[in-house]
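Quick notes on the structure that follows.
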Amino acid sequence: MKKIIGYGSAWTVMPGDTLNVMVSTYGPDRFRANLVRVICGNDDPDLDIYREEEIAAPFAGEYPGRDQLTVAGSYVTIPSSPLMTGLGSFTVQAWVFPTTPEKGAQGLIANWDDATASGFALTIDDSGAAAMRLGDGSGGTVEVTTGKSLAKRRWHLVSAAYDAAAAALTVSQDFIGPQFEASTSASATGAVGFTPAMGSAQPLIMAAMPATHPAGRPGASHFFNGKLDRPRLVGSALNLADSAALGWDALPHERDTSVVAAWDFSRDIGGATVIDAGPNGLHGRVVNLPSRAVKGFNWSGTEQNWRHAPQEYGAIHFHDDDLYDAEWDTDFSYEIPADLRSGVYAVRLRADDDEWYVTFFVRPPRGTATAKLAFLASTATYMAYSNIQWTWQEHFGEVAECYWTTMEPGEVFLQEHAEYGLSTYDTHSDGSGVRYASRLRPVSQMGPKTAPVWNINADTHILGWLEERGIEYDVITDEDLHNEGVALLEQYSAVVTGAHPEYYTTPMWDGLRTYLARGGRMAYLGGNGFIWRCAMSDAMPGVIELRRAEDGIRYRDEEPGEYYMEFNGEYGGLWRRLGMAPQALCGVGTVAVGFDVSGYYIRKEASFDARAGFIFEGIGDDEVIGNFGFFAGGASGTEIDAADPMLGTPPHTLILATSEGHSANTMIVPDEIGLNHSAMGGDQNPDVRADMTFFETPGGGAVFSVGSIAWPGSLPHNGYDNNVSRVSENVLRRFVDDAPFAMPDG
Amino acid sequence: MYEIDPSRTDLIEEFDQNPGGPHSPELALVVNRLRLMPMEERIIIVCTKRHVEWTLAKMPKVRGAKLEYYDDLVFDDYYAATKKVFRIRWQAVTGVAPA
Ligand SMILES: [Fe+2]
């Protein structure tokens, strides 16, 4: 259904930067590219609010279309070495925890060249058993299999030894922990009727088989699902007892002088390199972001933090649907001109009757601002959600969303093209949760005219409104905030968030708090904000890591013992569980979620306090606020937040208004409850509500929060002339006025 | 577990009146029952032309597989598509075709 897709080398750029644009067509042999400024991306014909503005750019024009290759699946690659290709007798081994042994042939450790049948390949064969292959260099092979499937999600020591003198190949699998379960240990020996050709030109690949893709691009195939730990290569044929002893030994080259390589995955956790702790330094790297900082075969449970016991976290979990960088070739580049105003832009790609937007954010040059207000685009959250497939792949998706599965063209495309990877809401093909989500690949929801209207497209309700009301703004992003901290925000008198700033790294959180404490202002025009701590990596830019520890709306369970993030060693999960709830940052935090009906706000006594006078100018005393809007008919809905002094809402916070009108299907979130009970829904539970709050900071700053994702969807109502628009504008106009706010009783 | 009484055709009428919900407690039970059918047996809606056309389809069992479209079940109104999905699933669950 999709005929053209693409992505850019960055989501955030500034004048002088170069954006590379990668495009792939499915069918059409030509496409057209143009630059547009995105003003409002919601193209619902009943609303008539869609706005984009075509802008001249040197790259605009026609290009030849082509189908660019994407291969998902993570693995380790080690450059070929004479130390591997010159082996006579040898042993290769690793601890193996297969999560889909039934899947068919999967590579474990292979220096195999299929074209010539040379090298070796330790694999899981079609029957799920450990197997080892050798070749004669001219198409002849011998393969020995244990003939017994490995047990799913259990550790085994898998070894293969070639004894040149005996012309014999032995392969074995040793099941660890047979106390309660039948052992799957097995071994087999076969004769090798030729002198193996070890001169593979391929790199040594772990968790897959080496492969050469079209155009000579090196890569891999036959991806393994599961964990590997302590892969080792030894220049002698070890018997089973010696092989087992070596496998348990943390310093194998001290035990056996013939050790060629002893890779230690517990080294450089958080990086892309794979360290050989043995005597030859045959280092390599991981490809496509397998999961590191995972429990090893020897995990004892005494430590939950990999930094405290790295030797027990020496495994890597590989998945056949991991994807970091699609690595497409660039079709054209765009140098951001000095006079391009800050804003949300897109390269609009068109082929036949289809189109795709490669969206990016242009910020002002570092250290400068061109407006008093910054729109902080929630790019960490956009990444977390990128290519989400949960709604149509989860059994309870329909009853969660209160809908009949309805797939948009972009979603059908993702369903039919598994190679574009998953979001942090999804589950890998082996049932484990997805922890990484990258922007270095086509992301189907990342632009205007996408549905469901969420993330960037929902946030353009705010952009369209700012334009309509003549409020000048710059655009900055989460990635900029992560990299530059408070210095980025201090260029501005005020910051306005998007509808859903859910994911925050620690530098983002600290930067925002410091900004507000020093006199900055924030209008949080969204809901479900500041919920999850995530991480970004300098070593692997363009991706967020998330561990959904403990609690919250997790969509999937997190693996016990793996709550500490790989990128930075921080404990993952809800900010609330880290002792810093969103209520302490912005006054409110998430209490309920529901999608079938949205509510509206009723003014509270505090809204008549003189401190809040500017917010309600032009609003009637009894006026119901936001009983209209794009998201289920109201301004309070989808995901809503409330104040809670116990969780840190500052004591001088004014609770200006509270929402009503929520349905039975708008239910308290897991973070808020200690047990399920029979009054979870908004039809009965008084805690299901959004609070609109305001407080000042001693530094002259202020924070206004609406606590609802639906709020910006009400801004365009009635030609942007309505009380949601009015309240929002009252707040922003005052927030960009540099006159300091005073604390009450100050 | 709640099972649908196929003689309660009044609930089909009630759904037709307000397919977008919220529904009465009884109809909400029916709707949830139909939404909890096994994934691989579900008939779903695909937006085949943005804001203009919706086609019913069968969800494939695995990722990467193509959807199977019902080219005779094409709608120019989203709620008309949901009413058809409701009826198809009702029949699948109760064994009784709604009128
Ligand atoms: Fe969310």
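When A:483, A:455 are checked against the criterion of being within 14 Å of the ligand (Cβ to nearest atom), more than 14 Å from chain B (Cβ to nearest Cβ) and either modelled with pLDDT of 95 or more or surrounded by fewer than 24 Cβ atoms within 10 Å (Cβ to Cβ) (or both), A:455 stands alone in meeting it. Note on the range A:411-425: residues that are buried (at least 24 other Cβ atoms within 10 Å of the Cβ), within 10 Å of another protein chain (Cβ to nearest Cβ) and touching a residue at least 60 places away in the same chain (Cβ under 8 Å) total 1. Only one entry in A:704, A:695 is part of a strand (DSSP E or B) and either in contact with a helix residue (DSSP H, G or I) (Cβ under 7 Å, 6 or more places away or on another chain) or within 16 Å of the ligand (Cβ to nearest atom) (or both), namely A:704. The set of residues from the range B:46-99 being of a type in the set (Val, Ile, Thr) and more than 12 Å from chain A (Cβ to nearest Cβ) comprises B:74, B:93, B:94, B:96. Taking the range A:348-371 as the search range and keeping residues that are touching a helix residue (DSSP H, G or I) at 6+ places or on another chain (Cβ under 9 Å) and in a loop (DSSP other than H, G, I, E, B), which one is nearest to the ligand (Cβ to nearest atom)? If we take residues in the range A:348-371 being touching a helix residue (DSSP H, G or I) at 6+ places or on another chain (Cβ under 9 Å) and in a loop (DSSP other than H, G, I, E, B), then A:363 is nearest to the ligand (Cβ to nearest atom). The sole residue among A:649, A:653 that is more than 16 Å from the ligand (Cβ to nearest atom), of a type in the set (S, T, N, Q), in contact with a Phe, Trp or Tyr (Cβ under 7 Å, 6 or more places away or on another chain) and in contact (Cβ under 8 Å) with a residue 12 or more places away in the chain is A:653.
Within the range A:29-43, residues that are within 14 Å of another protein chain (Cβ to nearest Cβ) reach partners that are of a type in the set (Lys, Arg) and surrounded by fewer than 19 Cβ atoms within 10 Å (Cβ to Cβ) with beta carbons closer than 8 Å, at six or more positions or on different chains, in the pairs A:43/B:50. Within the range A:395-407, can one find any residue that is more than 10 Å from chain B (Cβ to nearest Cβ) and small (Gly, Ala, Ser)? No: zero hits. Considering the range A:506-534, the residues that are of a type outside the set (A, V, I, L, M), part of a loop (DSSP other than H, G, I, E, B) and within 16 Å of the ligand (Cβ to nearest atom) include one that is farthest from the other protein chains (Cβ to nearest Cβ), namely A:530.
Residue-by-condition table, conditions (1) hydrophobic (A, V, I, L, M, F, W, C); (2) closer than 29 Å to residue A:266 by Cα; (3) at pLDDT 95 or above:
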| position | (1), (2), (3) |
| --- | --- |
| A:531 | yes, no, yes |
| A:543 | yes, yes, yes |
| A:551 | no, yes, no |
| A:563 | no, yes, yes |
| A:575 | yes, yes, yes |
| A:580 | yes, no, yes |
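Identify the residue in the range B:1-53 that is touching a Ser or Thr at 6+ places or on another chain (Cβ under 8 Å) and of a type in the set (A, V, I, L, M, F, W, C) and, among all such residues, is nearest to residue A:45 (Cα to Cα). Residue satisfying both the conditions and the ranking: B:47.
For the range A:221-259, a residue qualifies if it is among the aliphatic types (A, V, I, L, M), over 30 Å from residue A:72 (Cα atoms) and buried (at least 18 other Cβ atoms within 10 Å of the Cβ), and the qualifying residues are A:234, A:237, A:238, A:246, A:259.
The values are calculated or read from the model by the stated rules, or taken from the named source; none is laboratory data. Please read all numbers here as calculations on a predicted model, not as lab measurements. Note that we place each Cβ from the backbone using ideal geometry, even for glycine, and neighbour counts take in every protein chain shown.
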